[in-house]
Structure formats: structure tokens, C-alpha cells
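Only the coordinates and a few stated rules stand behind these numbers; no lab work does. These figures come from a predicted structure and were not determined experimentally. Cβ coordinates were reconstructed from backbone atoms using ideal geometry, including for glycine residues, and neighbour counts include every protein chain displayed.
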């Protein structure tokens, strides 16, 4: 996959340089953000030409332009389908999910003041997995994304109820409640898999548990993009409040922040966003955990830069991770969660090592 | 915090254990049994030496392939229990197998196995023998229970064949015939299958095919070395995933659409029916224009017949008839 490497190379180093410049010469956030958007657009434009099917760059753009109504002759129905029904919706879903997860992760790390927090902290992925297992193995008559979303929301409610049962919601209590709910949901998921999986039916659920964008079509794009626009964008406005949170609940209250109210709102928003993303992609790991840390290393802890840039970095990262997942072992496919974990785990390990040393 | 990360992995662990039973049946040509005098039959089964001083009389079969093998050899009365069956028995064996008792829907635990007091556990997959499955082979054998795995499903590199052949399957039939001291019956079954297969004429048009076993987002399909490849070869169809050196493989939709197979073989399993596969193919905007979909060129095979075994020949003949009806 030299095409992938060549395309990823300049993008990644370009972003690094630009972000370093942000710290050094105080280049405006808007400038870097714009650069990120351009990089994301370029990534999608390049990645849409990559795949196991032998379709030339010219053909790809003929397909795109005919759908965008800029004329030109369309391809044969099948070749057009590869570009317009498979590659493009998958790339757009990857971008939206990557952005949503990285953003959720950054917010979650701030409200819990926990460097190891990720979007799934409140039991969301375990709850969503349980919903997915119910459909895939128990034959519950719901659409998979609907069941996964409901599962995630049930887990969230259980976690918050548990965290609140002992009084005000504190970060530590929230994390512990998440542990309890996650482990219960995960255990039930395991039980269902052991109990019911026959023949090779476990394969579908395996792909789902690891996170996969292979099933992403236009409806998935709609869910992910709408969730990002409706829930994700307003979360960006919480940046200033999150900066106040960094100094602890008491200091935040002294700065005039309504601590419990804001925490509820942000937790709810993050959970809603994550639930929507998980419902279309399964639980893709590490994007929400590692990318905010990577961006923070470059931008510093201020959330006004951290939140939007994490979202952009997450989008670009997942676009390329999924492109690798579908084309690296052509014609085989990997669940994208395997790719993100292979890239994310070493970074995560490094962060852990740094934490224990300091 | 570390704990929290451990828990979400639980379902994956569960899947990983099941995934150990993945890739059903690659076929190794079974090593011919070294019959010592008239007494013991000794075989090297997937690297485990097994000795049969006498024909087994109390057999537990795990997975459909092993049950069907014994029924085909007229040994149904030796079966004390079946477990983890993949689907109903084929018509020609249904009457003989009507009285069989299923002891577990999944792989039985070792204690359940011991409770049956079998003298042989005959499994379709190597992974059925594990500490959290029917028990490790060594341990069962030390308790006087012989173990046998369909040689087509051996996983060790020296025992897993480069490519499954009819001779691998006939080899298993003969080996099981020797173990049960019914070699004539085994020869009869082999001869019948050879005659049956001789009637299959390769597809005149040399069409291409996809063997879709399961999975919707990323189809899990028959690849280049297992029973699907053997059957497709016999039918004169070119497997679009035939270049992948494995028994089964995940194959992305993009590769499938790009190859545009002429014919699609749909595995009909209770957990992923042929009907649900057809519905997916017809509604997904990326696949509804495939020529096999537009012309409804589907061939159906029940899941238990899609794994290498005594049923493979019948499945091939059945698919050949369906193929002939298409054109």
C-alpha cells in the first residue's frame, strides 16, 4: 500500500509542523483549523481512489462528478456503486465517527479529570455491544444501530443513576459506576455469545465488538454526520468551562461555573454523541483515548484549541485507519478497530509509562 | 482504572475462544492407519497418536460432520450422544439418525463427556477438544477415552493440507472404517461417492462464483484451500476468492462487486439464512446490480454440508443440479 503511505506521509508531517507552529509563533487557531479541514478533505479525496477494486482516479472522479450533478458520463452501475455506495459513504462515516469519538474523549477526559478516560467510560460500548448481540444472536427484531444506541443509552442511565445514588456526581464515583455497569453488560454479552453462537455466527459479532465500518452506507453517514452537527458542534462551546474544570470542582465553582449542571449537560451530550457513533461503527477503540492526548501534546491543555483539533485529527486518523483496514490485505478485510488498536496501543502504553514515571 | 479496561475485553475473549473453532475443515490427507495384526488400529490424528484396541462401541459425536460420517457407515448404533450439531441431518440419513440423543447444543463440558462414559469422542473441529470444551485430548485419552478429529480440520501445519482433495475426504471415510472394523462398508461408501461425482459435468460456460458463508458487513467466504474450493472446482466454477490461501476468509464487498461473480453460492444456516442473504444482496445499493443478483443466479447449500465430510459429495451433486437448472 505505497499509495496509502505516500498520501498519509505529507499530511501527517504537515499537521505536525502546523501544530508546532501554533505553539511557537501563535498562529491563529482558525488558521490551523482551516488547514485541518483542507487536510481532511484531501485525505478523503485521495482515500476514495484507493481500494481492492482496480478503478482509476479518472473513473472515481467521473463517478463523483456525475452524482454531484456536474455532468460527465457515469460509470457502469457496478463500478459506480463501488465508488458511490461503498467507498464514499464509508469514508464520510469514518471521518464523522473519528471526529465524534476524539471529541467525546477530550471532553470526557476533562470532566472526569482522568487522563485514561475515553468515550466509552460510562459503559456505553458495553451497553451498545449488548444491544448488538441481542440483534445478531438473539434475533431481537430491531435494526442493529437502533438496538446498539438503545443499549448504550440504557448503560448510560444505569451508570448515572448509580453514580448519583450516593449523592452528587463526582468524577471518581462516575468512573466507578461505569466500571460496574460495563462489567455487568460485558459479562451478559459474553454469556449470550457462549450460549447462542453456533457455526460461524460469532464472526459477525466479532467484527462488531472490534469496531468495523464495512457496513457503512449512506444511512450511516446521515446518522454520524447529523449527530456530529447537532451534538458535537455545541460541545465545542463548552471549551471555556472545561478549562475551568481543570482546576477542580471548587475552583470551577469559584469561577462562576454551575458545576453539577455543566457536568450533567456535558456528560449527557458526550454520551449521546458516542452512542450515535457506536451505533454505526461498533466500538472502535483508542481513537477517543489516544488522539486527544496526542493533540494535547502539540497544543497544550487549552480546550479552545484541543476540542476542534482533536475532532479534526480523529477524523483524519480514522479515514486512513479504515483505508488501511480495507485495502492493506486486499482482498481480505480487517475490522478497523484492529488497526486503530495496533496503532493506538503502543501510544497508550507510552502515555501509561510517562504517567507512572512522573 | 486498569480494571475498567479489562472488563470490556470480556466479550472479545468469549469470541476469541469461539474463533478458535474458526475455519471449519481444511483437509489433510489422513495418514493411513497402521493396522497391527488383527488387533489394534493405531492412527496419527492431527499429530495425536490414538490406538484403538477394539472397535469403539460408545461414541460421542461433536458437530454434524462426525455424526453424519458414522451414520453413513451404518454405525448409528454406536453413538451414545451427539453435541453441537450444525443443522438437521440430510434426508438419506434422517431415518437412521432419528433416535440419536443430543446431549448439548454447544460443545459439552468435560464432565458431561465423562458422564456419558464414551470410549471415543469424535469431533468435527480440533478446537472442540480444550479445557473449557470437551476436555484436552491427552487428558481424555489418559482416562481411557479415545479422541478423533476429522482430519480435514487438522490445524497443525504438517497435518493441515495445502489443498483439500476428494482423496482427503475418502481417506477419512476409510480411516474411520478401519477404526470401526468396517472397511468394506467404507469402500462401499467411497465407491458410491466416486460414481456420484463422476456424473458431475464441469460448468460448460466456466463461470465464476462466490461462496458466501456468513457475515453481512464483511462477508465470510469460501477461499482457496477448503471444502468450498474443492466443490467449486468439481463444479467447474472459478472461485473469486480462490487466490486466498486459506479455507475460509473475510472478503470485502468492494472485492466482490469488482469481481461481479456469475453465480453466488449461499450457505443456508439457521443464524444467517439464504433468504436473509438474498434480501441483503437485493437491497444493498452496492450489490443489487451484480449480475448474479439481477438474474437470481443463486445456489443453496445447507451449512452442515459446507464443511468437509461424508456429505460433501452429495452437496456437490446437489449444487450441480441447481447449476444446471440456472441456465
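Tell me, which residue of segment B:189-202 that is out of contact with any helix residue (DSSP H, G or I) (no Cβ under 6 Å at 6 or more places or on another chain) and not in a helix (DSSP H, G or I) is surrounded by the most Cβ atoms within 10 Å (Cβ to Cβ)?
For segment B:189-202, the residue satisfying everything is B:202.
Could you list, in sequence order, the residues of segment A:207-227 that are surrounded by fewer than 24 Cβ atoms within 10 Å (Cβ to Cβ), facing another protein chain (nearest Cβ under 9 Å) and in a helix (DSSP H, G or I)?
Of everything in segment A:207-227, those that are surrounded by fewer than 24 Cβ atoms within 10 Å (Cβ to Cβ), facing another protein chain (nearest Cβ under 9 Å) and in a helix (DSSP H, G or I) turn out to be A:210, A:218.
Looking at residue A:195, is it outside any loop (DSSP other than H, G, I, E, B), within 10 Å of chain B (Cβ to nearest Cβ) and under 23 Å from residue A:88 (Cα atoms)?
Judged against the criteria, residue A:195 is not a match.
What number of residues in segment A:171-196 are buried (at least 16 other Cβ atoms within 10 Å of the Cβ) and closer than 30 Å to residue A:253 by Cβ?
Of the residues in segment A:171-196, 11 are buried (at least 16 other Cβ atoms within 10 Å of the Cβ) and closer than 30 Å to residue A:253 by Cβ.
Where residues in segment A:129-141 are touching a helix residue (DSSP H, G or I) at 6+ places or on another chain (Cβ under 6 Å) and assigned to a loop (DSSP other than H, G, I, E, B), which of them is farthest from the other protein chains (Cβ to nearest Cβ)?
A:140
Give the residue that is nearest to the other protein chains (Cβ to nearest Cβ), with candidates limited to residues of segment B:230-267 that are in contact with a strand residue (DSSP E or B) (Cβ under 6 Å, 6 or more places away or on another chain) and in a loop (DSSP other than H, G, I, E, B).
So the residue we want is B:241.
Residues that are in contact with a helix residue (DSSP H, G or I) (Cβ under 6 Å, 6 or more places away or on another chain), free of Cβ contacts under 8 Å to residues at least 40 places away in the same chain and within 9 Å of chain B (Cβ to nearest Cβ): does segment A:157-175 have at least one?
Within segment A:157-175, none of the residues are in contact with a helix residue (DSSP H, G or I) (Cβ under 6 Å, 6 or more places away or on another chain), free of Cβ contacts under 8 Å to residues at least 40 places away in the same chain and within 9 Å of chain B (Cβ to nearest Cβ).
Consider residue B:270 carefully, then state whether it is surrounded by fewer than 24 Cβ atoms within 10 Å (Cβ to Cβ), within 11 Å of chain A (Cβ to nearest Cβ) and under 22 Å from the mean Cα position of the chain (by Cα).
Criteria met by residue B:270.
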